[in-house]
Amino acid sequence: MPTVLANVNDLLEKRVLEETGEYASTGGRKAKSIGINKSYCHAMGILITANHIEMVLVNLGDEIIKKDRIRLKFTAELSYCTEVAQKVKTFLEGEAAKDTLLGIGVAIPGIIDQKERIVLKSHALGIENYSLRFLEQALEIPVYFENDANAAMLAEKKQKYPNAIYLSLNHTLGGAFCIDGKLFRGQNQKAGEFGHMILVPGGRKCYCGKSGCADAYCAASVLTQDNRQSLDAFMEKIESGDEKNLQAWNEYLDHLAVLISNLRMAYDMDIILGGDVGGVLSDYMIPLGEKVMAYNGFEHDVSYLKNCSYKKEASAVGAAKYFFTKHMVEL
């Protein structure tokens with residue numbers, strides 16, 4: 001008890017913890033409740049896509065206190081890095097939290113060599129062996145770079161999902177998985193590329209050049225017709241009972257169920273459904289679960305299927321949260 005009290009008092013002095021109230025009296029002096037001081041520090045997260053940047057400011061309680069999405073077309077020119085830095089400066093103007101900012105996490109759709117600060121390949125951005133050094137210099141504060149699907153996995157609570165797969169159902173299909181609370185990256189930083197597992201041999205052409213990849217059947221682009229309509233518009237048609245879109249939705253769930261069943265058999269972990277489609281699946285877990293059960297004769301429920309914690313900002317939040325983990329270890 002003396003050691004615990006000494007550590008608690010030390011964290012109170014550092015303002016990492018704070019008194020949050022009192023418990024009901026049990027006959028003596030009321031006990032005080034102590035919790036994390038959410039405003040102790042902050043981190044910023046950025047998601048870079050082909051046509052936008054998404055920015056979030058997150059406190060130590062994993063709460064988004066500010067967010068913005070700006071149209072900004074990606075280019076490999078140095079001017080792009082300068083413009084991103086200016087957008088960040090504008091985003092932080094007037095924010096008291098910038099005085100306690102630990103750093104900026106940047107999520108990028110691609111394979112990243114973190115040590116060398118290089119995007120080895122990104123189909124979404126159309127780049128190979130792209131150096132991130134200039135962007136790091138332009139931002140002028142500590143920067144952490146992460147693959148977008150890995151970052152989305154980091155947005156989830158490690159205590160809740162120490163071993164889990166994250167299925168990122170965005171315009172393209174990505175994924176990540178955690179073992180004992182740590183991201184598993186693989187020998188070549190390619191672990192979790194579930195989108196390029198063959199789902200239908202000889203099937204639809206995938207952007208990677210192969211045929212029948214899961215991406216060609218389970219990415220959000222399948223529903224949006226490669227962005228010719230929004231996902232919201234598609235879901236509205238589903239809710240209105242549009243027969244053509246209902247058929248497309250059922251086919252989509254069928255293919256997704258096969259992918260989920262394969263992943264469950266391979267990894268035997270919780271599977272978190274994230275990304276744009278993951279954000280709308282919470283209302284369709286029963287029909288999806290029924291389809292998954294039809295492909296898996298080894299289990300009698302689908303309680304391992306989980307909805308993501310952040311529907312829109314997962315990658316940006318996860319990239320930001322890296323700095324909280326790093327800072328707490330240093331404390």
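What to note about this one:
- Of L273, L259, L281, all but one fail to be surrounded by 14 or more Cβ atoms within 10 Å (Cβ to Cβ) and over 18 Å from the mean Cα position of the chain (by Cα); the exception is L259.
- Residue among A220, A216 that is open to solvent by 10 Å² or more (accessible area, probe 1.4 Å), touching a strand residue (DSSP E or B) at 6+ places or on another chain (Cβ under 9 Å), hydrophobic (A, V, I, L, M, F, W, C) and closer than 25 Å to I108 by Cα: A216
- Across the stretch 179-213, the number of residues qualifying as touching a Lys or Arg at 6+ places or on another chain (Cβ under 7 Å), open to solvent by less than 10 Å² (accessible area, probe 1.4 Å) and in a strand (DSSP E or B) comes to 0.
- Whichever residue in the stretch 98-148 is of a type in the set (G, A, S) and either open to solvent by less than 10 Å² (accessible area, probe 1.4 Å) or within 17 Å of the chain's Cα centre (by Cα) (or both) and, among such residues, is modelled with the lowest pLDDT: A124
- Among the residues listed as I112, I104, I141, the single one being touching a residue at least 40 places away in the same chain (Cβ under 8 Å) and either touching a Pro at 6+ places or on another chain (Cβ under 6 Å) or part of a loop (DSSP other than H, G, I, E, B) (or both): I141
- Listed by first and then second residue, the pairs with beta-carbon distance under 8 Å, at least 6 apart or on different chains, first residue in the stretch 207-219 and under 15 Å from N262 (Cα atoms), second crowded, with 24+ Cβ neighbours inside 10 Å and of a type in the set (G, A, S), are C213/G195; A214/G195; D215/G195; C218/G195.
- Cβ-Cβ under 6 Å pairs, at least 6 apart or on other chains, the stretch 82-93 side at negative phi, far side surrounded by 13 or more Cβ atoms within 10 Å (Cβ to Cβ) and assigned to a helix (DSSP H, G or I): T82/A138; A85/A138; A85/L139; L92/K98
- Residue within the stretch 39-52 that is within 29 Å of G110 (Cα to Cα), of a type in the set (G, A, S), in a strand (DSSP E or B) and open to solvent by less than 30 Å² (accessible area, probe 1.4 Å) present: yes
The values are calculated or read from the model by the stated rules, or taken from the named source; none is laboratory data. Note that the coordinates shown come from a computational prediction; the quantities given were computed from them, not determined experimentally. Note that each Cβ is placed from the backbone with ideal geometry, even for glycine, and that neighbours are counted across all protein chains shown. Surface areas here come from the heavy atoms of the whole protein model, side chains and all, with no ligands, DNA or RNA. Shrake-Rupley method; radii C 1.70, N 1.55, O 1.52, S 1.80 Å.
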